[in-house]
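Data first, discussion second: the structure below is written as structure tokens.
The values are calculated or read from the model by the stated rules, or taken from the named source; none is laboratory data. Everything numeric here is computed off the predicted structure, so don't read it as measured data. Cβ: placed from backbone, ideal geometry, glycine included. Neighbour counts: every protein chain shown.
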Amino acid sequence: MSVPGSWYLILAAALFGIGAFGILVRRNILIMFMCLELMLNAVNLTLVTYSRMLNDIAGQVGVFFVLVVAAAEVVVGLGLIVSIFRGKRQVTADDLHILRG
Amino acid sequence: MLAVVTMPDLVTFIAAALAALVGAVGVVTLRHPVHAALMLVMTLFAIAVLFVEQGAQFLAAVQVIVYAGAIVVLFLFVIMLLGVDKRESIMPKNAVTWQLPIGLLFVIAILIELSILTKGVWATGTHSVTAAVNGVSNIAVLARAVFTTYLLPFEATSVLLVVAVLGAVVLSRIPRASTSEELALEMESDAKEEVELG
């Protein structure tokens, strides 16, 4: 028999926490993006684990859609970073405060 | 609970979980963006291993192809394009000395491992990636769900991808003279330059 699902859930929670911590503490936008990918992957792992535990393929279909949305998000996000860099010559979150109310 | 877990499953889970956690901590703590991206690759591979371990073979393959193959390459591409990697050149001045034999050692070890894996099934417990799991292929089950129950979301993702591609093109292209007046002005100045040059 395979490893119990709760272990996978604990691992996914730890990965999600590390990713969230990274988004909060890092200032480089590229690394913040990577931490975002980390969080998405932690959720994917949770979905696959529940898919196995509940014996339902819907969880894996959810992961499939998350993958597509993540790819689209990275394409648009990196396009934004490139266009920001063209004007400001730097990509740290502290320098981008033009939207501050 | 531990008693029913077979040894290969346990070893695979612990190794993959350790790799995922080390990679995640590396993404957060390493200062250099390229190093962080490589750590991200390690975490993504470990998660792909965990997918295989849970019988989601198709998603594991897609995980490696889309994430490690496309998304991380895109990250690295942008890092190189923006020149954020200035603190380190590709070939450092004091050339690789002790790293080279270690790297070769790892390459040989991976080759041996791969050749063993192609021979038998003792390590993973399954025959091949496309083999049937519990009598039914994972890909067949997933495909049936995607193309019947979830057909509308599937079609919506194609729209989303087109929108994302258009958005990336619009965002990252260099703005040119957009109105016809600006275009006319530009052409005029070009003509003047040509006259001056001639």
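Counting just the residues of segment A:38-72 that are within 12 Å of the chain's Cα centre (by Cα), surrounded by fewer than 22 Cβ atoms within 10 Å (Cβ to Cβ) and at the interface with chain B (Cβ under 8 Å from one of its Cβ atoms), which one comes out nearest to B:A143 (Cα to Cα)?
Among those that are within 12 Å of the chain's Cα centre (by Cα), surrounded by fewer than 22 Cβ atoms within 10 Å (Cβ to Cβ) and at the interface with chain B (Cβ under 8 Å from one of its Cβ atoms), it is A:L67.
Quick check, is A:A93 at negative phi and touching a Lys or Arg at 6+ places or on another chain (Cβ under 6 Å)? Please lay out each step first, then the result.
Working: at negative phi: yes; touching a Lys or Arg at 6+ places or on another chain (Cβ under 6 Å): yes.
In short, yes.
Could you please let me know if B:A24 is assigned to a helix (DSSP H, G or I) and at the interface with chain A (Cβ under 10 Å from one of its Cβ atoms)? Don't jump to the end; show me each part of the working.
Details: assigned to a helix (DSSP H, G or I): yes; at the interface with chain A (Cβ under 10 Å from one of its Cβ atoms): yes.
When the stated conditions are applied, B:A24 passes them.
List every residue pair whose Cβ atoms sit under 8 Å apart, with the two residues 6 or more apart in sequence or on different chains, where the first one lies in segment B:38-58 and is on the phi > 0 side of the Ramachandran plot and the second, anywhere, is modelled with pLDDT under 95 and part of a loop (DSSP other than H, G, I, E, B).
B:G55/B:N134
Considering only residues that are farther than 25 Å from A:R52 by Cβ and crowded, with 20+ Cβ neighbours inside 10 Å, which ones fall in segment B:1-39?
Of the residues in segment B:1-39, the ones farther than 25 Å from A:R52 by Cβ are B:25-39.
Once the filter is applied, which keeps residues that are farther than 25 Å from A:R52 by Cβ and crowded, with 20+ Cβ neighbours inside 10 Å, segment B:1-39 yields B:V27, B:V28, B:P33, B:A36, B:A37, B:M39.
Considering only segment B:89-100, state which residues are surrounded by 10 or more Cβ atoms within 10 Å (Cβ to Cβ) and either at pLDDT below 60 or not β-branched (V, I, T) (or both).
Restricting attention to segment B:89-100, the residues satisfying the condition of being surrounded by 10 or more Cβ atoms within 10 Å (Cβ to Cβ) are B:96, B:100.
The answer is B:L100, and nothing else.
If the Cβ limit is 7 Å and pairs must be 6+ apart or interchain, which residue in segment A:1-23 that is farther than 14 Å from A:C35 by Cα pairs with which residue that is among the hydroxyl-bearing types (S, T, Y) and part of a helix (DSSP H, G or I)?
Every condition considered, the pairs that remain are A:G5/A:T49; A:Y8/A:T49; A:L9/A:T46; A:L9/A:T49.
Exactly one condition in (1) modelled with pLDDT under 90; (2) of a type in the set (D, E, K, R); (3) surrounded by fewer than 19 Cβ atoms within 10 Å (Cβ to Cβ) is not met by A:R26; state its number.
(3)
Considering A:Q60, A:Q90, which residue is free of Cβ contacts under 8 Å to residues at least 40 places away in the same chain and over 18 Å from B:L50 (Cβ atoms)? Break it down into steps so the answer makes sense when it comes.
Values: A:Q60 fails: over 18 Å from B:L50 (Cβ atoms).
Answer to the check: A:Q90.
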